[in-house]
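The values are calculated or read from the model by the stated rules, or taken from the named source; none is laboratory data. Fair warning: this is a prediction, and the values are worked out from it, not measured in the lab. All Cβ positions, even for glycine, are placed from backbone atoms using ideal geometry, and neighbour counts span all protein chains on display.
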């Protein structure tokens, strides 16, 4: 399934740009609405398909003292309000099989987190909702191994899968993005998304939290979009240095417009080019 229909647009490696944009963890209702409004306004201006992203729980934080989020019930209320206020689809991640149904009642895309993408019970629970399922490629897996995640979903009766590249970790508090991975993931005939935000993490770089390199966001986003993929996954915050999770990787909210204009222009150009078969 190269093309996935969502509301009035297609998520496809050959269609116009889709953005999964928002914030890392939901910090408050007001902040979620503010971030969603900026993304929605910008995406409307540049004719970009838009899906809001926000997490109700970050269960994999480095430290016990780190902020995890508002929790399932309150988080889904915020996501529902964002969706209804701006008439946009929303995506969130979940961590336990029993959460799948509640998440599916609000979200049109369910994300299986990178650290949990091999958990069969979680994958099956997600697939059985019949929602679009996005797999974050685990930092510890090669791109070819993502075929196994797709097969688990299909076996559960759901072929609506998107694959999200976010880099590979080789230890030493670093992630590396191999651009060849995009072509391998595309070979599975699924829409491919590039999570440029988390590709810039320095895992554990702050000791009790993850560090990042947001100064490279635009350059790395350009590299990913040059691979003729379905879209981009991007998190922003009004004050990244004060964000409660992954601030070092977040785009300052006031730069969303100028950032997305460049990315959309590049995406349009790349997708206007014919592929050349090289043997």
Self-check item: Filter result (in contact with a helix residue (DSSP H, G or I) (Cβ under 8 Å, 6 or more places away or on another chain), under 19 Å from residue 243 (Cβ atoms) and either at pLDDT 95 or above or buried (at least 18 other Cβ atoms within 10 Å of the Cβ) (or both)) within the stretch 44-78
Solution: 52, 54, 55, 56, 57, 69, 70, 78
Quiz item: So residue 237 clears everything in (1) closer than 15 Å to residue 221 by Cα; (2) modelled with pLDDT of 95 or more; (3) in contact with a strand residue (DSSP E or B) (Cβ under 9 Å, 6 or more places away or on another chain) except one condition, right? Which one?
Solution: (1)
Self-check item: In the stretch 107-134, residue surrounded by the most Cβ atoms within 10 Å (Cβ to Cβ) [restricted to those that are closer than 19 Å to residue 71 by Cβ and more than 17 Å from the chain's Cα centre (by Cα)]
Solution: 125
Practice problem: Could you please let me know if residue 206 is on the phi < 0 side of the Ramachandran plot, part of a helix (DSSP H, G or I) and either loosely packed, with under 15 Cβ neighbours inside 10 Å or in contact with a helix residue (DSSP H, G or I) (Cβ under 7 Å, 6 or more places away or on another chain) (or both)? | Solution: no
